[in-house]
Amino acid sequence: MAVALDIVRSRANPVFRRLRALRERGAERGLCLLEGPRLVLEALGAGVEVAEAVASPKAEASPRGRAALEALAARKVPLRRMHHDLLASLSEAETSQGLLAIARRPVFDEEWIFRGVPLVVVATGVQNPGNVGALLRTAEAAGATGAYVAEGCADPFSWKALRGSMGSAFRLPQVRGVKAGAIVDRLEARGIVVLAADAGGNRRYDEVDLAGPVALLLGSEGAGLPPDLLRRAAARLAIPLAAPVESLNVGAAAAVLLFEAARQRRLGGSTETGRPQESWRS
């Protein structure tokens, strides 16, 4: 890895200005900004192309930081040194870890979403980037085969979303920016059963067969799913909540539904007592 010996100290330096521009408009160029050793290691481990990096002496102060620098060196990623205060001014974190990298956003083949027995997450209207990131991490943890992040959702490769997904955005196959109605069209064309998470739903989430090819529609906590999508769902799944709680964060609701699907798939679509799971068609 070529390491520049001079230390970037000025906001007028082209390296600093490029990083600042990418933090604000990286999506326009198909790039994203990685902050911290852990996220850099997650990206490299997932095969994401890292174009360049900057580090302050703080990056070498921890084992993970040194591991990230070594991993960048092994891939011959150009590295520049930057004064810590200057690098910290680019950070969204309260305390900078001393490492930033520019990476190319991964592009996934949509077919990967449908491998095996599809379990697909569809996020619509989720504008909080932290919630988008948490949703992708939960989906990967539960064994989902992929996700659609519909038009109007927060960017899954923004800093806050990447921090929430902790690397899952680099690994979980996903398609972004498609209108929600068009996503449902694609799912139905493939015979995927489309189910909606809805606080006022007509079916309990644990009374519906989630072991087959299904897609889960998830909206924001405040607005929920729009009526046109609710009408297209084969069933509207409700999660019983103790009063006075009326709704769950989208990440929490996704976790309940996805891990119920994972449980059913481990048990072959039956309950723990062996009683056949009630079909969504009934």
Subject >> Set Glu60, Glu110, Glu94: member being at pLDDT 95 or above and among the acidic types (Asp, Glu) >> reply: Glu110
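Condition check ((1) at pLDDT below 80; (2) among the small types (Gly, Ala, Ser)) across all residues:
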residue: Pro244; (1), (2): no, no
residue: Asn249; (1), (2): no, no
residue: Ala253; (1), (2): no, yes
residue: Leu257; (1), (2): no, no
residue: Leu267; (1), (2): no, no
residue: Gly274; (1), (2): yes, yes
residue: Ser279; (1), (2): yes, yes
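Does Thr124 meet the test of being crowded, with 19+ Cβ neighbours inside 10 Å, assigned by TED's automatic domain parsing to the domain that holds Leu248 and more than 9 Å from the chain's Cα centre (by Cα)?
So Thr124 fits the description; yes.
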Subject >> Number of the exception - Gly30 against (1) on the phi < 0 side of the Ramachandran plot; (2) small (Gly, Ala, Ser); (3) at pLDDT below 90; (4) in contact with a strand residue (DSSP E or B) (Cβ under 9 Å, 6 or more places away or on another chain) >> reply: (1)
**OP:** May I ask you to list the residues in the stretch 219-244 that are in a strand (DSSP E or B) and either within 23 Å of the chain's Cα centre (by Cα) or closer than 17 Å to Val178 by Cα (or both)?
**Re:** Ser220, Gly224, Leu237
Original post:
Which residue pairs have Cβ atoms under 7 Å apart, sit 6 or more places apart or on different chains, and have a first residue in the stretch 180-198 that is in contact (Cβ under 8 Å) with a residue 24 or more places away in the chain and of a type in the set (Asp, Glu) and a second that is in a loop (DSSP other than H, G, I, E, B) and surrounded by 17 or more Cβ atoms within 10 Å (Cβ to Cβ)?
Top reply: Asp198/Leu225
**OP:** Return the pairs, sorted by first residue and then second, in which the second residue is in a helix (DSSP H, G or I) and of a type in the set (Asp, Glu), the first residue lies in the stretch 248-260 and is more than 15 Å from Asn131 (Cβ to Cβ), the beta carbons are less than 7 Å apart, and the residues are 6+ apart or on different chains.
**Re:** Glu260/Asp206
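Name the strands (runs of 3 or more DSSP E) wholly within the stretch 144-218 that hold at least 1 residues that are under 30 Å from Gly36 (Cα atoms) and in contact with a Lys or Arg (Cβ under 7 Å, 6 or more places away or on another chain)?
Qualifying strands (runs of 3 or more DSSP E): 146-149.
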Original post:
Quick one: how many residues across the stretch 185-232 are of a type in the set (D, E, K, R) and touching a strand residue (DSSP E or B) at 6+ places or on another chain (Cβ under 7 Å)?
Top reply: 5
Original post:
Scanning the stretch 39-59 for residues that are touching a Gly at 6+ places or on another chain (Cβ under 8 Å) and of a type outside the set (A, V, I, L, M, F, W, C), which turns out farthest from Leu172 (Cα to Cα)?
Top reply: Pro57
Original post:
Which one of these is small (Gly, Ala, Ser), out of contact with any helix residue (DSSP H, G or I) (no Cβ under 7 Å at 6 or more places or on another chain) and closer than 22 Å to Thr95 by Cα: Ala59, Ala51, Ala21?
Top reply: Ala21
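The values are calculated or read from the model by the stated rules, or taken from the named source; none is laboratory data. Just so it is clear, the model here is predicted, and its values are computed rather than measured. A quick note on method: Cβ atoms are made from the backbone with ideal geometry, for glycine too, and the neighbour counts reach across all protein chains shown.
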